[in-house]
Structures are given as structure tokens and as C-alpha cells.
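Every number here is computed from the coordinates shown, using simple stated rules; none is lab data. It should be emphasised that the depicted structure is a prediction, and the values quoted were computed from it without experimental measurement. Because the Cβ atoms are built from the backbone with ideal geometry, glycine has one as well, and the counts that use them run over all protein chains shown.
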Amino acid sequence: MPHTQLIDDLKRIVGPNGVVANPDALMTYDADGCVMDIGEPQVVVLPTTAEQVSGVVRLAARYGVPIVPRGAGTGLSGGATPITGGIVVSTARMDRILQVDTRNGRVLCQPGVINWELSNYLKPYGYQFAPDPSSQKACTVGGNIANNSGGPHCLKYGITASHVLGVEMVLPDGQIIWTGEGAPALSGYDLTGVVTGSEGTIGLVTAAWLKLTRLPEAVRVVLALFPTIAGASATVSQVIAGGFLPAALEIMDRLAIKAVNDMYRLGLPEQADAALLIEVDGVEDGLDDLLADVTAVCWRNGAIDVRPARTLAEQNQVWAARKNAFGAMGRLAPTYYLVDTVVPRTRLPYTMEQVGRISAEYRLPIANVFHAGDGNLHPIILFDRRDSSQNQRALEAATGVMQVSIEQGGVISGEHGIGVEKQDYMTLLFSTDDLAAMAGLHQSFDPNDLFNPGKVFPKGRGCGELAALRRAGVAWESLKHGVN
Amino acid sequence: MMSGLQQQLAELVGETNLSADGAAHAIHGQLPTLVVTPGSVEELAQSMALCYEARMPVVPWGGGTRQLWGRPLSATSFVVIKTTRLNRLLTYEPDDLTISVEAGMTLGHLDQLLAANNQMLPLDAPWPERTTIGGLLATAIDGPRRPGYGTARDLLIGIRVVEATGRISKAGGMVVKNVSGFDMMKLYLGSLGTLAIIVSANFKLLPQPRATGTLACSFAQPAAAFAFAEAIRASYLTPAAVEYLEGWPVEAAATTITMLVRIEGLPAAVERHVRDLSGMAAHAGATAVQRDPPAELGLAWAQVANVAHPLTATPGELSLRLSCLPGALEQTLAVLRDLARRQGLLLRIDARALSGMAYLRLVGDEETLRGWYTAALALHPQLSLIAATPALAAELPVWGVAHANLELMQRIKQEFDPDRLLNPGRYLVG
Ligand SMILES: Cc1cc2nc3c(=O)[nH]c(=O)nc-3n(C[C@H](O)[C@H](O)[C@H](O)COP(=O)(O)OP(=O)(O)OC[C@H]3O[C@@H](n4cnc5c(N)ncnc54)[C@H](O)[C@@H]3O)c2cc1C
């Protein structure tokens, strides 16, 4: 069917203002925050209701055109990139906070609500939405749910999955369902749990009941400076092993310090090779003791300075530096490629050493700004994309980081997701049987691969194929031979 | 006469690990034809594969503490696959605060391993000396410290399962934060063994608190106790557990109300909590507030975790779980209490006062219990039976009524177990 027909049909569903088809405007939607892959959508729609989304999904099914859900497009794994074209469904106009229900500890929002705006909105009530990705000023709660995003404070408060009580979503057949509304332990399978982190491949979230987290009575922030990143990493390992429970433990290395210094005039000493941002929170009582204990670990590991952020303004400044560090990378190189992996926390010092080795080996600077307390590294490879040799080396360096992380007992993504960026690395971590089980779950929601096709699962190992393999009981055959 | 399957299983696991005497593994009076106890994940997978080949239904069995849960099996013959020999510690890195164990390890054993390093997995499932990790996860049972630490859903970081065909698959890993692939842990957790058999699990751990404290606050009326709970909710305080107990311990009068609060953390924070909570309880009208109540009171936390979970179904007794919005708990309990009183039933309540979860036990004659449950469901559809006699379990809607999304759940079941071999008929789906 002709393109114009599709566009007309879409306009009938979402109104003429809800359809973007102009080629220049479409370019905005050809990638997310990860510029390593791009793909142009046929058309973008901006629905305002679940019913409109459902209408668009039914239409897409009829035309056989993929649906690509999109929040703010800050994702870093190509999740919102229309890699095979199709209809991008942007939640930008579904941006209302619908109900704050403190008595039941929940808030109802549309998916396009910006994470930061939600927490600001909740502040006067004495609450927050705990997941706080560094991109929180731009990213949406829909994107947070789809990616099961993390953030500095997830060390204490847990990742997004622990903060989603139930969602309204449109399924690939156009049905609109609710998975829960905040009552715990419902009978049946945990649909809320499986849709969280499914990267827009099995359902398009159109509303969500999110959990409210009480703002703490007291907060302390300190910045500890170390002559080596090894000292900062060892401190993190020991703080965790020592059973202290800080709210956040974030590391920035020398390159990152330089970038944020230039941008925010923090005046951090640039001879420090690493800064460790420590936050503790809770009731006032005992908090200073906890901080003293953690600070003692810093000194033991060779800290050169430990600077408390005494006022709220100082605390905000330190946090702003941390959360905007990626943004400051533009000052260091034309392009950066952020690799998100996780290792067990005792492996952090060694892994960081290896990251240094990889930087030297591929002759590319690597900055590090990361959620150290969770063992979640973010080596940021700095390069110039226009130079094909650098481009190639950046990709190889990224592979190196993933390999080292896996060798150390880690995984290939802690919070940014698989998307297209890491789909081919899934086999480093998972067997065909593991992937086939995931494909089975996927197929029970989206048998025709309508939502975000060609993502998460390895290329050339489509989930339809994996699921078929599974149904044919291949592994069972081999087991049977084992018995005989 | 030995069947083909029996012979194959005997060859696989050895005669001593196979039994044709099902009496100790009855489910609502139904006896398995065989009980097989594999010694490794591979043996378990192969046992499952053999059952699959024979299209023989299977009941996964851990410590047997929750087998009353659910409807009777829809199959006439079935095999029990026990995980009790899969009780090994796989990896424990105390300094990483992570652990991986086989599914047949008991929670009690796991607790011991962790305590040696001043660590904990604060799940507080009932009957920890018998409850296995696999069973705990399959039933997604919670414990009193839910407000403080969440449930297994928040602490499970990796899983390995054997699917209906005998295929082994895994998800997650040994790190505390991970979005590599779909979160299959959420799918298997609480699926009552209807999608796969859990064979090992990885958890993130917590350090044991430096200090703890318990406050037992007595109240004359439910309303006063819930006013206390509401004051806690609105405060900055973060108790680990806030348990509303009505009619507990068993020896107490049915109208005895205790709010049992547990505090864990830094010594100074615990003292602050004790101070503030005592004041708030008094303000809400507590008749007595006692710190660290003596054991004679019968309200030790280990006992509290067990109270609502009988191990056997007693005629004339019904045990059930209620789920609602946290703010609706007081009102929902009031309605159900009223219904019980009018029908002359004895009701005991153990509620997670901040979480919208409650475990109820009712005593009365079978006829009245049947009537009460039916009437209660009409008022509150999110009830489920956790212990009832075989007759009632067969007849009553064990998993509550008015469920959403059944068709989608059926599709998942169809994909994972199209032959309906895993715990057929027992759960809401499958
Ligand atoms: C500077 C910077 C810092 C970052 N810091 C962090 C961090 O600290 N922690 C972290 O976890 N991530 C971080 N990220 C990554 C990213 O911001 C998060 O993944 C975020 O949650 C994505 O939200 P979004 O609205 O931009 O989603 P998008 O990028 O638009 O989409 C992300 C994925 O979600 C799907 N999706 C979006 N909306 C819906 C919906 N309503 N229903 C179903 N699927 C949907 C998309 O298809 C896609 O697969 C950072 C990114 C940047 C650029």
C-alpha cells in the first residue's frame, strides 16, 4: 500500500498534528543517544492516549510495518532507533502526571513524563521516584521502564524494576491491558516484571503506577580524591565488603574531572586521578558515624583529600557535575562511545586496570564516570568518528571491555540495554538455550515481531527462529542421547 | 511390575533415589506414582526429559511446606521430582555480597552460611529449616521484613531452570545490576513450577545490621493500630517490619492486637526509631509498648514468620492470603472480620501493615468456611487459599476471582509447557 495511504490513515487516528512525515523532521528520529547505528523511520506519530496507540498498532499490523516505541531518545544502545524503518511511536505528548496517591505509596503517570520533572513534582509531597539516571533531565519514565534503567541511587534503592507497581500497555495485537495497580503479589504471572526491561519489544507502555520513595530526613555528600583510580576502586570494594550501605558511590577519573572542571568550574584538583562521590542518607541519627567509617576507608586507601559538600547548594553542584559529566565529554573529543558493563565489585580494581590497558592498546583516550558501588562501569571511549581507523579501534576497544567484564564474571549491560548495539555480544553471555527461553517469552507477546524488531536477540538469530528451535525440542534430543 | 519410565529413571538416578511409595508426597490426597530425587542439575534435567518423553506430568518438590497451595492436580498419575539433593553452595563471594546456590538448599542452611560472614538474605520465609530456595522462589512467598528489604523479586539476580522438555537455561548473572537480556527471573518467580523447575538461584545479599530492636505495641482496637501504621508511613522512619497481629499468639484472645515493629540499622538510628515509634504508638492509643518482648510472649520473629502458614490442612480450618492496596488494608480487613464475626468464625490476622498483604486463618465448620470464602470473594476478589482441606481446595476458587490478562498468561504457559506437564491444573494458569 502506498506510503501516503498509511499517513492518511495515521492522521485519522492521531490527528494531523500528531504525524511527522517531513523528511527533515524525520531525521531527528533516526537514532537515539547511541550514534553508532542509524535508521530512518517511515513516519513518526505522537499519540496522546492509549486508544490512539492501540489504533496505530492495529494499523501497523495491517500494513505489516514495525512499531518502534520512543521516549526521549536518550537511550545508549540504539533501542529507539528504527533500524528497519517503520512507525516510530513517540510518547512526547503523553506527558502528564495523573495522580499522586501518597496513602498507597504510588503515582500514576503517562510514559512521556520526564524523570526529573516527576521527582520535582513529588518533592513537595516529601517523596521521590528513586531511579535517577544521569540523563534524568531528559529521559522519560517510559524509557526508564523499557530499559529497566538505573542511576546513582539505585545502589541503595534498587533499579527501576523495583519501582514499577503496574503498567497499562498496548500489546502487539492492539489490546490495551493493565498489569496491576499497586496491590502486591497478585495471582498469575508477573507481567509487570517481564515488561520492565523488555526494551519496547513486547508492549508499549501507555501509563504506569510507580512507587513513591520517601525523601530521606538527612543526606551527607563527600567527594574523596585519590591519586589513582585503583585507590578509588579499592575503596568502593572495601566499603561494600565492609557492610556499609551508602546511598551512592560514583567514580570520575582524571579526564572526566578535567571536563567537568572546565564546564562547571568545580576547582577539583586535576592532579587527582580519581574522585569518588559518596552519599549516605537516612535519619539524622548515626549518619555522621557512618560517614566517618566510610571516610576512614578512603584514607586507608590513600585518599589525598576528602571534601564534604556542606550545604545543599554544594551538594547539588557536586551532583550536577557527576550527572552532566557525559555532556562535558564533548569538550574532550568529537565523538564518544560509552560502554556499559558490570563486574562483581571485588573485580573492580583489576577491571579498571584492564580498561587502562585497552586505552593504551587501541591508542584512544578513555574517560570513566560510573556507578562504582554497583560494579557498573562506563568506560567512555573518546574518538573522532570521521576517522575510519579511530572508528574501528573504538569498536574493538568496546569489545575488549565487554570481554574483560565477562572474564571477570560480569555481564555486557548494567543499565543501558542491548538494543542493536550489543545484540551480537549476547552469545558471549548466553547459550542458544538461554536465548531460546527469552525468545519463547517474547513470542508469547509478539509472535509476528511487530514491536521493535531486530533488537536484543543476535542478528541472524531472530527470536522467531530461536523459539522454533525451542519448540522442536532440540536440546531435549541431545539430552536423551546423554541418558542412553 | 516396573514401568519403562521407572526403569529408565532408576538407571539414571540409582534405585535408592527412586521410590514408588508416594504416601509421603501426597497432594490433597493424590499420590504420585514415582518420587525421583536427582543428585545433580543434569540428572534432574534428564529425569524431566524422560517424563517429557512419556508425557508424564511432574510435580517439582522442595521441602514440601507449600504443597497445600493450589488446586488439586488435574492429572491422575504424576511423578514428583525432588530437589532436596540439589543442596550445594555453588559460589559465595562474601566481599561481593552475592551468592549462588542450588534450589534444594534450605533457607535455614543458607542463613547459616551467611551469618558466618555477618550477611543475610532477609526473606524470612516460613519454616526455614524445611523451605527450599526453589520452593521459596516458585511460590514467591514473602516475609515480615518486606517493607525494609522487599521480596525475592528485588534480591534475585540470576536463575537456572529446567524446562518442560528437560532443557536447561539460565538468565541474569552474579552481579547486582544487569539488563543483559530479558528478566526471566520475574517470569519464573511465583509461577508455582508451572513454567519450569528452578534448579539454582543467585542473590544479592545484605550486611547484617549493626543493631536491631523490636517494639511490641498493644492496641485495644484495629483502628488505633492502623493509625499508628499510618503515622509510621508518613514519617521519615524506615522500620524493617511492621506486622499487625490480631489473635496471635494462638493462646491469646482473638481480639488481642499487637503491632510488632522491627528496626535494623546503625545503633544511633535504631535508638532514634525506638524513641520516635514509642511516642507515635502512645499517641495512637497503644495500651502498652514493650521493647524486645520476652520469648514467653510467643511473638519471636521466627514464630511470626510461621504463624499464618500451617504445614497441614486441618479440617475446620482455612488459611488464606489477601492482597490489596496498602491504604485499603484496614478497611478490607474490617469487612472480612465483620463477615467472620457474623458467621461465628474465629479469625486470626497477620498483616504486613505497610504493604497491603495479610495472612488470615479462620476456624469453624466446613460449611460455614465455604460460605465465608464465597462471600468474602464477592467483596474482595484478591484472596487466595494457602491451606484448605482437599474438598474445599477442589471446589473453591483457590486463586481468587476476576483475574485480568488470563489469555496472555495462557499464551506464556502454552509457549513454555504446551503439553501441560508441569504442575497441571494447580495454578491460576495451566
Ligand atoms: C548523558 C546520558 C546519561 C545517561 N545515564 C544513564 C544512567 O545513569 N542510567 C541509565 O540506566 N541510563 C542512562 N542513560 C541511558 C538512557 O537515558 C536511559 O536508558 C533512559 O531510560 C532512556 O529513556 P528515553 O526516554 O530517552 O528512552 P528512549 O531512548 O527513547 O527509548 C529507550 C528504549 O525504550 C523503549 N521505549 C521508550 N518508551 C517506551 C514506552 N512507552 N513503552 C515501551 N517501550 C518504550 C524504546 O523503544 C527503546 O528501546 C544515559 C543516557 C545519556 C545520554
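Quick one: what Rg and Dmax do you get for the stretch A:36-122 from the alpha carbons, in Å?
Spelled out, the Cα radius of gyration and Dmax of the stretch A:36-122 are 15.1, 45 Å.
For chain B, go through all pairs of different Cα atoms, get the mean of 1/r, take its inverse, and jot down that Kirkwood value in Å.
For chain B, inverting the mean 1/r across all distinct Cα pairs yields 22.6 Å.
Residues in the stretch A:368-402 near a label at A:Asp424, defined as backbone nitrogen under 12 Å from the 7 Å Cα→Cβ point?
A:395-396, A:399, by backbone N distance to the label point.
Obtain the nm distance between the two label points defined at A:Gln175 and B:Ala253 by a simple spin-label model: each point lies 7 Å from its Cα along the Cα-to-C-beta direction.
So the two model labels end up 5.2 nm from each other.
Give me the log10 of I(q) over I(0) for the stretch A:333-407 at q = 0.16, 0.18, 0.21, 0.24 Å⁻¹, as the Debye formula computes it from C-alpha points; what are the numbers?
Result of the Debye calculation: -0.50, -0.62, -0.82, -1.04.
Using Cα-only point scatterers and the Debye equation, what is log10 of I(q)/I(0) for the stretch B:310-395 at each q in 0.12, 0.25 Å⁻¹, rounded to two decimals?
-0.31, -1.33
Would you calculate the convex hull of the Cα atoms in the protein assembly as shown and tell me its volume per residue in Å³?
159
What average count of beta carbons from other chains do you get within 10 Å of the Cβ of residues in A:100-108?
3
From the C-alpha coordinates alone, can you work out the Kirkwood hydrodynamic radius of the stretch B:211-305, in Å?
Averaging 1/r across every pair of different Cα atoms and inverting gives 13.2 Å.
Can you work out D for the stretch B:91-207 in µm² s⁻¹ from Stokes-Einstein, where Rh is the Kirkwood radius over C-alpha pairs, the temperature is 37 °C and the viscosity is 0.692 mPa s?
233
May I have the extent of the alpha carbons of the stretch B:373-430 along their three principal axes, as whole Å values ordered from largest to smallest?
Extents along the principal axes: 35, 25, 14 Å.
Sort out the exposed loop GluC sites (Glu not before Pro) in chain B (DSSP loop, at most 12 other Cβ within 10 Å) and tell me the longest stretch that has none.
Free of exposed loop sites, the longest segment is B:252-430.
Taking the Cβ of A:Ala21 as the center, what net charge do the other residues with Cβ under 13 Å away carry, scoring Lys and Arg +1 and Asp and Glu -1?
Here the charged neighbours net out to -3.
Averaged over peptide B:407-413, how many Cβ atoms belonging to another chain are found within 10 Å of each residue's Cβ?
Per residue, the number of nearby Cβ atoms from other chains is 5 on average.
Give me the inter-chain shielding for A:190-200: mean count of other chain Cβ atoms within 10 Å, whole number please.
For peptide A:190-200, the averaged partner shielding equals 5.
Ordered by packing density, taken as the mean number of other Cβ atoms within 10 Å over each peptide's residues, highest first, how do A:157-168, A:192-203, B:23-34, B:149-160 rank?
A:192-203, A:157-168, B:149-160, B:23-34
Could you go through the stretch B:78-90 in sequence order and give the Karplus-derived ³J(HN,Hα) for each residue, using 6.51 cos²θ - 1.76 cosθ + 1.60 with θ = phi - 60°, rounded to whole Hz, and x for Gly and Pro?
Values per residue, Gly and Pro as x: 7, 10, 8, 10, 8, 9, 4, 7, 8, 10, 8, 7, 8 Hz.
Taking only DSSP H segments of four or more residues, each worth -39500 (n - 2.57), what value at 222 nm results for chain A once the sum is divided by all its residues, to the nearest 500 deg cm²/dmol?
-11000 deg cm²/dmol
Does a label point 7 Å from the Cα of A:His3, set along Cα-to-beta-carbon, have any residues of the stretch A:22-60 with amide nitrogen under 14 Å, and which are they?
Within reach of a label on A:His3, which here means backbone N under 14 Å from a point 7 Å along Cα→Cβ, the stretch A:22-60 contributes A:22-27, A:40-44.
Placing +1 on the Cβ of each Lys and Arg and -1 on the Cβ of each Asp and Glu in the stretch A:191-262, which of A:Ala208, A:Leu255, A:Ile229 has its Cα farthest towards the positive end of the resulting dipole?
A:Ala208
Would you calculate the convex hull of the Cα atoms in the stretch A:345-484 and tell me its volume per residue in Å³?
Given the Cα convex hull of the stretch A:345-484, per-residue volume reads 156 Å³.
Nearest 5 percent is fine: what portion of the DSSP beta bridges confined to the protein assembly as shown is antiparallel?
90
Give the peptides A:251-261, A:335-345 in descending order of average Cβ contacts within 10 Å, highest first.
A:335-345, A:251-261
With the Cα gyration tensor of the stretch A:1-215 in hand, give its eigenvalues times 5 under a square root as the equivalent ellipsoid semi-axes, listed largest first in whole angstrom.
They are 29, 18, 15 Å, listed largest first.
Order A:14-23, A:457-466 from most to least packed using the mean count of other Cβ atoms within 10 Å.
Ranking the peptides A:14-23, A:457-466 by packing returns A:457-466, A:14-23.
Once the other residues with Cβ under 13 Å from the Cβ of A:Gln175 are scored (Lys, Arg +1; Asp, Glu -1), what is the net sum?
Net of charged neighbours comes to -3.
From the phi angles alone, apply the Karplus equation (6.51, -1.76, 1.60; θ = phi - 60°) to the stretch A:227-235 and give each ³J(HN,Hα) in whole Hz, x where the residue is Gly or Pro.
The phi angles translate into x, 9, 5, 4, x, 5, 5, 5, 4 Hz.
Given points 7 Å out from each Cα along the Cα-Cβ axis, report the B:Gln414 to A:Ala92 separation in nanometres with one decimal.
3.9
What is the angle, in °, between the Cα long axis of helix A:287-300 and the longest principal axis of the Cα atoms in chain A? Nearest 10 is fine, range 0 to 90.
70
How large is the charge dipole for the protein assembly as shown, taken about the Cα centre, if only the Cβ atoms of Lys, Arg (+1) and Asp, Glu (-1) carry charge, to the nearest 20 debye?
It works out to roughly 660 debye.
Taking the Cα atoms only, what angle lies between the long axis of helix A:348-361 and the longest principal axis of chain A, rounded to 10 degrees?
Between helix and principal axis, roughly 80 degrees.
Where Rh denotes the Kirkwood radius from the mean inverse Cα pair distance, what is Rg over Rh for chain A?
Reported Rg/Rh, Kirkwood definition of Rh: 0.98.
Give me the net charge for the shell around A:Met252: Cβ to Cβ below 12 angstrom, other residues only, Lys and Arg +1, Asp and Glu -1.
0
On a 0 to 90° scale, report how tilted helix B:41-53 is relative to the longest principal axis of chain B, with both axes built from alpha carbons and the result rounded to the nearest 10.
60
From Cα coordinates alone, what are the radius of gyration and Dmax values for the stretch B:271-353 in angstrom?
15.9, 46
Cα centroid distance between the stretch B:36-106 and the stretch A:365-423, in Å?
With the stretch B:36-106 and the stretch A:365-423 each reduced to a Cα centre, they are spaced 38 Å.
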